[in-house]
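Working notes, beginning with the structure itself.
The values are calculated or read from the model by the stated rules, or taken from the named source; none is laboratory data. Keep in mind it's a predicted model, so treat the numbers as computed, not measured. Please note: Cβ atoms are built from the backbone with ideal geometry, for glycine as well, and neighbour counts cover all protein chains shown. The protein model used for the area step is the full one, side chains on, heavy atoms only, and it has no ligands, DNA or RNA in it. Shrake-Rupley method; radii C 1.70, N 1.55, O 1.52, S 1.80 Å.
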Amino acid sequence: MGSSLQLHCPFYRPGSHLRDTSMKWYKVDQSSSDFPMHELLDDGSHITLNISEENDLTLTLTHLSERDAGSYICCNEGEPHLCGQKTAELYVADVQVKVIPATTGKAVTLKCTTSCSLTEDPVTYIWYRNGEFYYQDWSPWYQHLVSSDKDVRYSCAVRGSSELRAPEVSVDSISGTCFSVTYAKGRLCSEKQTSVDGSCSITCPGLESQTAYRFYLNGWLNKNCRSSGITLFNSTSEVVSCAIEDNEELCSAQACANANSCAMVNYVSRRICVVEGSSVNISSEYSKPRSKGSFVEIWYKTNRGSSDEGNLIQKTDRVRYRNMINHHILEIDDVSRNDSGEYVFTLQDYVYEVNTLHDTRGVTLVVTGLSLVFHPTEVMTEGQSVTLVCSTSCPLNDATTYIWYFNSLVLDFQQKLLVLSPLGLQHAGNYSCAVQGVRTITSPEETLTVRALGKAVAILNGIKLIVLLLILPAAVLFHRWIRKREALLTADLKDKELTRQMDHN
């Protein structure tokens with residue numbers, strides 16, 4: 001929301017090279033059963049209409065808000081049968097920091113989300129801490145696991161619209177079963193029936209009385225139920241799962257009243273973050289109905305929101321299927337960023353077509369690079385503090401072991417953040433970090449420069465001396481000018497007094 005958009009419409013009649021000056025832009029009123037069209041007029045601010053160099057009738061909308069969402073049509077009002085050929089559907093997204101429970105430990109993960117899919121490709125996300133720029137990356141996931149700290153506020157934006165930041169959020173407390181967050185303002189606060197411009201605290205997000213739920217029956221979304229309970233008839237073979245609206249990636253495990261008659265698929269972990277070049281195991285647990293024939297176990301990689309249903313994962317030298325009793329694992333070696341995506345396991349019965357690609361989510365895999373970042377900067381002065389971050393595009397597991405190198409020597413430290421305080425000249429040099437695993441992945445080396453405090457003081461004193469040398473001559477000249485002016489004024493007064501006395505005599 002708040003950004004701008006241009007829509008283009010050819011300014012010619014169909015099948016003709018003549019300009020059609022009667023072409024206009026309209027917005028369809030979808031709240032009415034007959035879908036009337038309202039002409040859009042140029043108001044010079046929110047709506048502007050221009051003819052481009054390509055002779056297109058260009059509609060520009062600025063400061064977009066939710067009221068601008070809808071269908072836009074460019075056509076001749078006298079030819080309504082041609083209007084549908086030039087329809088554009090506009091969705092207006094807002095940006096929100098979503099707080100999601102981590103898979104392990106008393107921590108949460110953060111994700112920069114939009115209320116609809118963005119058309120930019122690729123999308124770059126910008127993260128802020130306490131209002132200050134922190135980093136930017138292609139992944140919407142915040143790179144660290146977050147513990148409770150009321151004094152740290154997080155926000156994000158999409159590059160190209162960085163002025164439109166998500167409302168800030170702080171994580172106030174985390175327990176084993178719940179967490180509490182505070183949003184500065186925004187949609188989540190307005191849904192709690194508070195002022196959109198006011199802050200709000202949410203405890204155990206999703207458990208408020210106005211929460212909407214989503215139920216999935218045999219993998220397909222039931223759009224008619226948004227309450228916390230659903231009644232099923234003839235439910236012995238119905239596979240049911242549920243999620244909280246706007247948090248569908250946190251879908252529950254599938255369940256069935258009679259497990260012997262159901263084909264169910266669940267996952268050991270719904271979100272996996274791994275370092276580029278390492279190996280990953282994506283695990284599923286499943287049960288088959290005994291009354292039906294054999295099934296084929298298949299993995300797909302899918303892209304939600306696209307027309308492509310999914311790509312079948314074929315076995316190769318680096319991709320393997322490992323099948324155990326009611327357990328299936330997709331093993332991928334030497335992963336790259338292109339392996340990032342959502343992976344769905346299916347039980348395929350070619351007769352009954354059980355459990356093809358459904359609405360329920362699979363496993364989200366994010367493959368991240370590894371880099372070293374200095375905060376606040378890589379050039380510091382003796383006595384200051386610097387934090388070295390082994391940076392990733394998503395939060396790695398809490399149990400991850402990090403290895404730090406200083407001038408190729410291993411340091412006795414295994415955490416993600418390395419703090420050097422107070423800095424000395426001996427800390428200057430080349431640093432890198434690595435993630436320990438079956439294969440150790442190492443970041444490129446980065447150089448930390450530490451300036452001597454004495455040298456810094458000498459530079460500062462030198463600057464002061466230069467300024468003094470520049471000011472001193474100017475001050476002397478100014479003093480001489482003042483004295484000369486005073487002398488002239490004194491002489492002038494004496495001349496005037498002498499003239500007055502002579503006139504009086």
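Summary table
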quantity: Elements of type strands (runs of 3 or more DSSP E) contained in the stretch 246-292, each with 1 or more residues being closer than 21 Å to Glu331 by Cα, touching a Ser or Thr at 6+ places or on another chain (Cβ under 7 Å) and of a type in the set (Phe, Trp, Tyr); calculated: 264-267
quantity: Top-ranked residue of the stretch 258-282 - restricted to ones that are aliphatic (A, V, I, L, M), over 17 Å from Ser139 (Cβ atoms) and touching a residue at least 24 places away in the same chain (Cβ under 8 Å), ranked as most open to solvent (accessible area, probe 1.4 Å); calculated: Ala259
quantity: Cross-chain or 6+ apart pairs with Cβ under 7 Å, the stretch 70-83 first and open to solvent by 30 Å² or more (accessible area, probe 1.4 Å) and of a type outside the set (Lys, Arg), then modelled with pLDDT of 65 or more and in a strand (DSSP E or B); calculated: Glu77/Lys24; Leu82/Cys75; Leu82/Asn76
quantity: Residue count, the stretch 22-34 (criterion: part of a loop (DSSP other than H, G, I, E, B) and either modelled with pLDDT of 80 or more or surrounded by 11 or more Cβ atoms within 10 Å (Cβ to Cβ) (or both)); calculated: 3
quantity: Selected residue (only one of Thr109, Thr177, Thr103 is buried (at least 16 other Cβ atoms within 10 Å of the Cβ), at pLDDT below 75 and under 25 Å from Thr400 (Cα atoms)); calculated: Thr103
quantity: Condition check for Asp398: under 22 Å from the mean Cα position of the chain (by Cα) and open to solvent by 50 Å² or more (accessible area, probe 1.4 Å); calculated: yes
quantity: Test result for Ala434, of a type in the set (A, V, I, L, M, F, W, C), surrounded by fewer than 11 Cβ atoms within 10 Å (Cβ to Cβ), closer than 30 Å to Leu110 by Cβ and touching a Ser or Thr at 6+ places or on another chain (Cβ under 9 Å); calculated: no
quantity: Test result for Leu145, of a type outside the set (Val, Ile, Thr), at pLDDT 80 or above, surrounded by 14 or more Cβ atoms within 10 Å (Cβ to Cβ) and closer than 18 Å to Leu250 by Cβ; calculated: yes
quantity: Qualifying residues in the stretch 90-100 (those that are modelled with pLDDT under 75 and not β-branched (Val, Ile, Thr)) - the one least open to solvent (accessible area, probe 1.4 Å); calculated: Ala93
quantity: Cβ pairs under 9 Å, 6+ apart, first in the stretch 130-150 and farther than 14 Å from Glu168 by Cα, second open to solvent by 70 Å² or more (accessible area, probe 1.4 Å) and among the polar types (S, T, N, Q); calculated: Leu145/Asn397
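Listed here are the residues, each with its yes/no results for (1) on the phi < 0 side of the Ramachandran plot; (2) among the aliphatic types (A, V, I, L, M); (3) modelled with pLDDT of 85 or more.
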| position | (1), (2), (3) |
| --- | --- |
| Val196 | yes, yes, no |
| Ser199 | yes, no, no |
| Ile202 | yes, yes, no |
| Gly206 | no, no, no |
| Leu250 | yes, yes, no |
| Arg271 | yes, no, yes |
